[in-house]
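Engineer: Below you will find the structure I want to go over with you.
The values are calculated or read from the model by the stated rules, or taken from the named source; none is laboratory data. As the structure is a computational prediction, the values presented were derived from the model and not from experiment. As a convention, Cβ positions derive from the backbone with ideal geometry for all residues, glycine included, and neighbour counts pool all protein chains shown. Just the protein is used for accessible areas: all its heavy atoms, side chains included, with ligands, DNA and RNA removed. Shrake-Rupley method; radii C 1.70, N 1.55, O 1.52, S 1.80 Å.
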Amino acid sequence: MTLNSPYIEVAVALPVENTFTYRVPETLSPFVSTGKRVLVPFGRRRVTAYVLSPTENTDKYEIRLILDVLDDTPIFPSSMIPFFKWIAGYYLCPVGEVIRSALPRGLNLYDFVTVSITQAGKKELSGDALTPLQRDILDRLDRGSCRLKDLSLPESKKNTESEKDNPGKRGKREKGDIPNSLIQAMDKQGWIVRERSLMGGRTKPRTERHISLNASDLPAEDLSEPKKKIIDIVKSEGEISVRELKKEVPTAPRLIKSLEKSGHISIFEKNVYRDPFGEPVTPDRPLSLTEEQEKVMREISGTLGNGFAAYLLAGVTGSGKTEVYMQLAAEVIRQGRSVLVLIPEIALISQMERRFRARFGECIAVLHSGLSTGERYDQWMRIINNEVTIAIGARSAIFAPFADIGLIIVDEEHDTSYKQESNFTYNARDIAVVRAKLMDGIALMGSATPSIQSYHNVTTGKFTEVTLSRRVEKRPLPDITVVDLRKSRDERGIRRFITPELHHAMSETFARGEQSLIFLNRRGFAGFPVCAACGDPIQCENCDVTLTLHRAENAYKCHYCGFTLPSASRCPTCNSPSIKLLGLGTEKVESAIRKLFPNARAARMDRDTTSRKGSVLKILKGLRDCNTDILVGTQMVAKGHDFPNITLVGIICADLSLCHPDFRAGERTFQLLAQVSGRAGRGDVPGRVILQTYNPEHFSIVSAVAQDFKAFYNKEVAFRKALSYPPYSRLIQLRISGKEKGKTRDFAREMGNICKELQKSDESFSASVQILGPIEAPVSKIAKRYRWQILLKGLSAGPLHRYVRRMMARWPAVFHNSNIKVTADVDPFFMG
C-alpha cells in the first residue's frame, strides 16, 4: 500500500528513542509504503529506517528527504507495527531496535568512515619530517585503506607513542588508539582522505540460471544430439534450472550459450529458495482423538474466530498435545488464517517440523538461529509472499511476518529458553499472548509442567485451563525410583555417580534391546579442576568462574566467555603440573558408560556435540533408527522428544539446579525432573526412571517423583506470596557492568543513590517501588566486565515502568555511558 502523504514516520535501526519524520521526494513516492526499508540521512550518517505510517509535518524545522527505497515489497505487514510499538514501550527499548532484531540478519545498511592515503601522503613517507606516529599511520594506510574504527597500530608502538605524549602515564593506552585530532590534522595537510561509505545489506535473494524455450517451430535438425535433448527437456518442463538440466545433460552449461545465440532458448536469472529442511517425510493423516483430546478440541475450536482468548493446555508427558495442536491448526487454516508454533529449543524444531510437514505438506516455514542468513531470509520472504500458512520456530519466530494470525501455540511454555537475554530482552511466551490479542486470535500455551506465572494466570481468570491427564493409548506414566546419593558419598570412581541401582537398570534395558537416556545438566569432563599442590582452582582470566576440562578438545574452557587453556597447563598460582580433576559433566559420564558397557552404542547430546550444522539431526536420527543404545545429555534431551524405544531414564544428580541463587530454582528443578522423566515409556513398553539425589526430602523433588504439579504449585506459591515475588509482584533488574572494578562499584553505588533520590521525590514511587541493592552479581565478572545489579520490585508493572522511564529522562547519561553499561531487564528470568 503506497502512502498519500509526502511525510512519513520512520524508526531508525539505531539505539535511539522516538520515531522521526522524513519527506518523500516525488520520484520515490510511488515506491514507498509501510513495512519497507528506506535509506535516510541521520546526522552526518546514512542509516536504514523502517516506514511505520504516513504523517503530517508539525515540525517548524525543515524536514529532510529520504535518500532511497530499499525494498520492492514490504518486509513486514502493517498489522505488526502496533505489536512492535507495544514491545518497545513495555521492554523499554527503541522501536527501531525492536524491528531490527525481529528481521533476518544482514538486511540493514549503515555508513562508516574509510581512511585512505593520498599521493601527497605517499610523497611525505619518503621524507623525514613526519613524527613516528604519523609515519606509522601512513605506513598502515599505504598497505590499503581501512575503516577509521579499525585503524590501529602494533601494541608496542602505541605504548611507546603514548609514553612520549604523556610521560606521566605508562603502559597500555585506553580505547581510542589514535587521537582524532591527529587524523583531522593529517586530513587537513592532504596526506589522507576520509570518505563515508555504505556497508551491510549482505543478505540477498538467491538466484539461479533458468532456461525456457523461445519458439517450438525453430529448426532443430542441424543440432547435435545433446542440444536436441536439451530442447526436448525444456519443451517437457516449460522452464528448468541449469543445475537440474546438468543432471540430464552434463555439458548443458556450455551448450546453452550457443542455443541462446541461435534463438532457440532464453537464459534468465530466477529467485530460488534455499532449502532448510531435512530428509523427505511420509505424509500422514489425522489420528483418532481420545475423549480428553476431543474435549479440549471442542472447547478451543468453539472460540476460533470469536476474538482473543488464552488457554493453558496442561497435559502430562505423552498425552498427545502435538496432535491437538495439528488438528487445531487445520481448523484455523480452513478459516483462512495463519498459525504460528513456538518451540523452546532448536533441537526440538526438526521433530515438530517433520510432524507438521507430514500432515500439511510444504506450506510450512521454519525460523530459528540455526539457519544460515540466506535460509532465514528465504523463509521470511515465503511468509511475506503468502506462500506458507504455518511457521514453526524458536523464540525469534514470534516475529514471523504473518498479516493475520488465528492461532499462536507456545509448546513447553514453561521453558526459560523463551527469554531473550542479549540485544533487547523479551519473553517470547509473554509477547505471544500480546500478539494473539492484537490479532484477535487464540494463544495456546502447552506444558506438562506449567510455569508458576501461567498457572497463576489460570487462577486469576486471565487464562482458561484445559487438561490432558492421561497418556494416549492408556500408557502408564513411568515408575520413578529415588536413590539417596548420601549413602554412596564415600564411593570412589564410577560408582559414586552411577549407583548399583542405575547400573543394574541400564544392564537390563540394554539386554532387552531397549534404549536408555542418562541425564546430567552439566557439560564437559570435570567442572572443578584444582591444583593438588596449592589448592587453587583453575580459573578463567576474564570471568569469576572456574574453567571446565573438555577432554575431547584437550582444553580447559570457560562456559561464559570461551577462554581456553591447553589441558597440559600448569597451575597459574604455583606452576605445579599436578591438577586434580574434580566435578562431573556429561563427557565424564559418557566415558564411564563406554567402559561399563563396551558393546553398547553410546552418544552424547549437549552444546559441545551439537554446535555443527546438522549434528542435532544426526543424533536424533540415531535414536529414531535405534542406532543408539544409550544417550547421555544435558537439558537438551529433557524437552519434548518422543522416542518410543526409550524405556529407562537415569538422572545422575537431581540437585544441581537447586543450588542457584534464584527464587525460581525450585520451579526449574521440578520442571526439569518431571520433563526428563517423561521421556521414558512413550511406546508400548512401560518406562522406568532412576532419580539420584542428595535431597530426597526437598518438596521440588518429592513433587517431581509423584508427578504432581498441583502439589508443587501450592507449596511454591505460598513461599512466593510470603516474600512478594512473582507472580505476586513485578520486577525490573538494572544490570551494571564495566571494565574497571572500582569505577563499576562506585557507579553502581551512585546509581543506587539516584534510585533512592527518585523514589523519595515522588510519593507514588515511595509507595509502589521497592529498591533492592545495588549488590555485586553472583557471578561478579564475565568477559572482563565487572557486574552489579539493582532489583526494582512493585506490585504492578505500571509504576515500575514509569519509574524507570523517569530515571532515563532525568539522568540520560546514566544509560548512555561510554565506560559503564546499564541495561534494564523487564521481568528478569536469570538473577546471576
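Engineer: For Ile593, state whether it is touching a residue at least 24 places away in the same chain (Cβ under 8 Å), part of a helix (DSSP H, G or I) and within 23 Å of Cys653 (Cβ to Cβ). Give the steps one after another, and end with the answer.
Structural biologist: On the way: touching a residue at least 24 places away in the same chain (Cβ under 8 Å): yes; part of a helix (DSSP H, G or I): yes; within 23 Å of Cys653 (Cβ to Cβ): yes.
In short, yes.
For (1) within 13 Å of Gly406 (Cα to Cα); (2) touching a residue at least 24 places away in the same chain (Cβ under 8 Å); (3) among the hydrophobic types (A, V, I, L, M, F, W, C), each residue gets a yes or a no:
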site: Asp284; (1), (2), (3): no, yes, no
site: Thr290; (1), (2), (3): no, yes, no
site: Leu312; (1), (2), (3): no, yes, yes
site: Val324; (1), (2), (3): no, yes, yes
site: Gln327; (1), (2), (3): no, yes, no
site: Val332; (1), (2), (3): yes, yes, yes
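Engineer: Still on this model: How many residues does region 434-457 hold that are surrounded by fewer than 19 Cβ atoms within 10 Å (Cβ to Cβ) and either β-branched (Val, Ile, Thr) or assigned to a loop (DSSP other than H, G, I, E, B) (or both)?
Structural biologist: Final tally of qualifying residues: 2.
Engineer: In addition: Output the residues belonging to region 356-370 that are part of a helix (DSSP H, G or I), open to solvent by 10 Å² or more (accessible area, probe 1.4 Å) and of a type outside the set (Lys, Arg).
Structural biologist: The first filter runs over region 356-370 and keeps only residues part of a helix (DSSP H, G or I), leaving 356-360.
Among the residues that remain, those that are also open to solvent by 10 Å² or more (accessible area, probe 1.4 Å) are: 357-360.
Within region 356-370, Ala358, Phe360 meet the criteria.
Engineer: Continuing with the same structure: Would it be correct to say that Gln327 is open to solvent by 30 Å² or more (accessible area, probe 1.4 Å), under 19 Å from Arg285 (Cα atoms) and not aromatic (Phe, Trp, Tyr)?
Structural biologist: yes
Engineer: Another one. Which of the residues belonging to region 372-418 are open to solvent by less than 10 Å² (accessible area, probe 1.4 Å), over 22 Å from Lys36 (Cα atoms) and of a type in the set (A, V, I, L, M)?
Structural biologist: The answer is Ile390, Ile392, Leu407, Ile408, Ile409, Val410.
Engineer: Within the set of pairs 6+ apart or on separate chains, which have a first residue in region 806-830 that is within 19 Å of Ala428 (Cα to Cα), a second that is among the acidic types (Asp, Glu), and C-beta atoms under 9 Å apart?
Structural biologist: Short answer, once both residue conditions are applied: Asp825/Glu421; Asp827/Asp430; Phe829/Glu421; Phe829/Asp662; Phe830/Glu421; Phe830/Asp662.
Engineer: Of the residues that sit in region 90-149 and are within 30 Å of Ala394 (Cα to Cα) and polar (S, T, N, Q), which one is least open to solvent (accessible area, probe 1.4 Å)? Spell out how you get there, then give the answer.
Structural biologist: Keep residues of region 90-149 that are within 30 Å of Ala394 (Cα to Cα), which gives 90-110.
In the following step, the residues that additionally are polar (S, T, N, Q) were identified as 101, 108.
Numbers: Ser101: 39, Asn108: 20 Å².
Applying the filter and picking the extreme gives Asn108.
Engineer: Can I ask one more? Scan region 809-816 and tell me whether some residue there is assigned to a loop (DSSP other than H, G, I, E, B), under 30 Å from Ser469 (Cβ atoms) and open to solvent by 60 Å² or more (accessible area, probe 1.4 Å). Steps first, please.
Structural biologist: Taking region 809-816 as the starting set, the residues that turn out to be assigned to a loop (DSSP other than H, G, I, E, B) are 811, 816.
Going one step further and asking which of them are under 30 Å from Ser469 (Cβ atoms), we end up with none.
No, region 809-816 has no match at all.
Engineer: Now for a different question. Please pick out the residue among Lys257, Lys235, Lys247 that is under 26 Å from Asp378 (Cβ atoms), basic (Lys, Arg) and either open to solvent by 80 Å² or more (accessible area, probe 1.4 Å) or touching a strand residue (DSSP E or B) at 6+ places or on another chain (Cβ under 9 Å) (or both).
Structural biologist: Being under 26 Å from Asp378 (Cβ atoms), basic (Lys, Arg) and either open to solvent by 80 Å² or more (accessible area, probe 1.4 Å) or touching a strand residue (DSSP E or B) at 6+ places or on another chain (Cβ under 9 Å) (or both) holds for just one of Lys257, Lys235, Lys247, which is Lys247.
Engineer: I'd like to verify a number: residues in region 625-669 that are more than 18 Å from Phe510 (Cβ to Cβ) and free of Cβ contacts under 8 Å to residues at least 60 places away in the same chain, how many?
Structural biologist: 7
Engineer: Further, regarding this structure: Scan region 516-559 for residues that are surrounded by 22 or more Cβ atoms within 10 Å (Cβ to Cβ) and not in a loop (DSSP other than H, G, I, E, B) and report the count.
Structural biologist: Number of matching residues: 9.
Engineer: Considering only residues that are part of a strand (DSSP E or B) and of a type in the set (Val, Ile, Thr), which ones fall in region 54-71?
Structural biologist: Thr55, Val69, listed by residue number.
Engineer: Any residue at all in region 130-147 that's part of a strand (DSSP E or B) and of a type outside the set (Asp, Glu)? First the steps, then the outcome.
Structural biologist: As a first pass, look at region 130-147 and keep what is part of a strand (DSSP E or B): 146-147.
Among the residues that remain, those that are also of a type outside the set (Asp, Glu) are: 146-147.
Within region 130-147 (the criterion being part of a strand (DSSP E or B) and of a type outside the set (Asp, Glu)), the answer is yes, since at least one residue qualifies.
Engineer: Given the residues Val51, Val47, which is the only one that is at pLDDT below 90 and either crowded, with 16+ Cβ neighbours inside 10 Å or in a strand (DSSP E or B) (or both)? Explain how you work it out, then say what you get.
Structural biologist: Values: Val51 fails: at pLDDT below 90.
On inspection, the qualifying residue turns out to be Val47.
Engineer: To continue, here is another question. Please specify each residue of region 478-508 satisfying the condition of being under 27 Å from Val316 (Cβ atoms) and open to solvent by 50 Å² or more (accessible area, probe 1.4 Å).
Structural biologist: Asp479, Val482, Glu501, Glu508
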